[in-house]
Amino acid sequence: MSTATQTPRTGAPAAEAPEPQVLRPDRKRTRLGYNIIALVTAAVMAFPVYWLIVSALRPNHEIRSYDQTLWPSSLTFDNFARAVKQDNFATAIQSSLIVSITAVVGGMIIATLAALAIGRFRFFGRRALLMVLILVQMLPPTAMLIPIYAQLNAMGGLDEYWGLIVVYLVSTLPFAVVMIRGFVVNIPVELEESAMVDGCTRMGAFRRVIFPLLAPGLAAASIFALVNAWNEYLFAYILINDNSKYTLNVWLMTFTTERGTDYGALMAASTMIALPVVIFFMIIQSKMAAGLTSGAVKG
């Protein structure tokens, strides 16, 4: 007698449920080893962040003590109060916002136009231009520091916001152009042509059809440009010498004086500077991941 069940309407034998896959003991040990390695790596990477936050909440006398513990005996917010009262705190926030936002917006506009030109039009030297963009991205920033300093000095760009903005804008262009181009080549030309047939101008077709499809790529490239501009220290330290124009990362130097370093306030200020970027990244990390992978399918 057959044990196969039949469907109520057709009478055909129903498909048997697949048996659950059982991992072999050697595969279980391998997976366990990988999990342990991942946990240890995550703990090593997270410990500096943990120590930064704990030190910001630790009393100053415990920070200077030789007997350090993983958790402070008491929590205090005095370090944050001293950090906020530090000279030029408000102007440092203003400088970082001006430089970062301007560099990101300007960089995305130029990168979008360049990516559209490279992705949509065929011209001599197009592939060579892409190779140059990739090679420029590989150059370390320190290798270009002296030429950039000399050029800005000749142009009067030292101690000026626009000099630092230009440096940040240009440094993010190669990555942004390559990423946004990956989205452009994945958008069918027929969509743009259909919109123009329906009466849209080329700019109208871009605004109504192309731009919404480029939004994930623009978001991912914008995040990269924002983090690069917000966290950068070397060029801001070299190109800006006016205390009233220091960005936040350079402003942290003011906690070190001839009398020593106020480590508690320094840790508190570092936590406040990093917190906005971390929160922003956690909010849009899914969109950023989609943007990084979607633009890499074709090209």
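The values are calculated or read from the model by the stated rules, or taken from the named source; none is laboratory data. In this text, all values refer to a predicted model and were calculated from it rather than measured experimentally. All Cβ positions, even for glycine, are placed from backbone atoms using ideal geometry, and neighbour counts span all protein chains on display. Just the protein is used for accessible areas: all its heavy atoms, side chains included, with ligands, DNA and RNA removed. Shrake-Rupley method; radii C 1.70, N 1.55, O 1.52, S 1.80 Å.
Below is a table of values for the structure above.
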| item | result |
| --- | --- |
| Positions within the range 270-289 being of a type in the set (A, V, I, L, M), under 20 Å from Ala90 (Cα atoms), open to solvent by 50 Å² or more (accessible area, probe 1.4 Å) and modelled with pLDDT under 85, in sequence order | Leu275 |
| For Ser65: the one exception among (1) in a helix (DSSP H, G or I); (2) outside the structural domain of Tyr237 (by the TED database) | (1) |
| Number of the condition not met by Tyr237 [criteria: (1) open to solvent by 30 Å² or more (accessible area, probe 1.4 Å); (2) touching a residue at least 60 places away in the same chain (Cβ under 8 Å); (3) among the aromatic types (Phe, Trp, Tyr)] | (2) |
| Which listed residue, of Ala128, Ala115, is more than 26 Å from Glu160 (Cβ to Cβ), in a helix (DSSP H, G or I) and in contact (Cβ under 8 Å) with a residue 60 or more places away in the chain | Ala115 |
| Selection status of Gly157, small (Gly, Ala, Ser) and touching a helix residue (DSSP H, G or I) at 6+ places or on another chain (Cβ under 7 Å) | yes |
| Selection within the range 70-99 - in contact with a Pro (Cβ under 9 Å, 6 or more places away or on another chain), part of a loop (DSSP other than H, G, I, E, B) and open to solvent by 80 Å² or more (accessible area, probe 1.4 Å) | Ser73, Leu75 |
| Selection count where residues are part of a loop (DSSP other than H, G, I, E, B), exposed (fewer than 12 other Cβ atoms within 10 Å of the Cβ) and on the phi < 0 side of the Ramachandran plot, scope the range 190-222 | 2 |
| Given (1) under 30 Å from Phe183 (Cα atoms); (2) among the charged types (D, E, K, R); (3) at pLDDT 85 or above, index of the condition Asp87 fails | (1) |
| Candidates Ala268, Ala229, filtered to the one that is touching a Ser or Thr at 6+ places or on another chain (Cβ under 7 Å) and touching a residue at least 12 places away in the same chain (Cβ under 8 Å) | Ala229 |
| Scope the range 107-152; condition of a type outside the set (Gly, Ala, Ser), more than 19 Å from Asn186 (Cα to Cα) and open to solvent by less than 50 Å² (accessible area, probe 1.4 Å); matching residues | Leu133, Leu145, Ile148, Leu152 |
| Some residue of the range 256-269 being buried (at least 18 other Cβ atoms within 10 Å of the Cβ), touching a Leu at 6+ places or on another chain (Cβ under 6 Å) and farther than 19 Å from Ala90 by Cβ | yes |
| Cross-chain or 6+ apart pairs with Cβ under 6 Å, the range 139-156 first and touching a residue at least 24 places away in the same chain (Cβ under 8 Å), then part of a loop (DSSP other than H, G, I, E, B) | Leu152/Leu158 |
